[in-house]
Amino acid sequence: MKDQDFRELHQPLHVPAHYDQSAPLKENLAFALADLGEGTADEVIAHLKKLSGDNDTVESDHACELLELWYKNGMVTVNEEVKPRRYNLHKITQANTGSVNPRLIAPGLD
């Protein structure tokens with residue numbers, strides 16, 4: 001494996017801000033997963049097809065391979081407690097609500 005191939009496999013997953021019909025499958029699949037929040041491979045692919053206007057050019061087999069590759073490379077997580085696997089980006093979508101008491105912080109850490 002060449003250095004460039006390694007870097008591409010292990011870079012963080014970029015989720016585009018919107019769906020773009022002309023974008024590569026990788027970007028649109030990431031958008032579909034983010035838009036769903038969590039889903040099985042079939043659910044993510046069905047959502048991707050819905051976003052593309054039920055376009056038959058969505059390669060289901062390649063999309064499943066991408067999801068598995070992302071999981072193996074730590075780019076997405078999988079809930080394996082249920083079958084079939086449910087893929088998730090585990091993005092923080094809500095602001096933290098806690099607070100910090102400055103008097104409890106160890107000296108030198110502020």
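The values are calculated or read from the model by the stated rules, or taken from the named source; none is laboratory data. Given the structure is predicted, the values throughout are model-derived calculations rather than measurements. Here Cβ is always computed from backbone atoms with ideal geometry, including for glycine, and neighbour counts include all displayed protein chains.
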Where the second residue is part of a helix (DSSP H, G or I) and of a type in the set (S, T, Y) and the first is farther than 19 Å from F6 by Cβ and lies in segment 71-84, which pairs have Cβ atoms under 7 Å and are six or more apart or on separate chains? V78/Y71
Give the residues of segment 16-32 that are of a type outside the set (D, E, K, R), surrounded by 10 or more Cβ atoms within 10 Å (Cβ to Cβ) and more than 14 Å from L66 (Cα to Cα), sorted by residue number. P16, Y19, Q21, A23
Per the filter on segment 35-55, residues surrounded by fewer than 15 Cβ atoms within 10 Å (Cβ to Cβ) and either modelled with pLDDT under 90 or within 9 Å of the chain's Cα centre (by Cα) (or both) are G37, G53, D54, N55
Hits in segment 56-80 - residues which are surrounded by fewer than 12 Cβ atoms within 10 Å (Cβ to Cβ) and touching a Pro at 6+ places or on another chain (Cβ under 8 Å): none
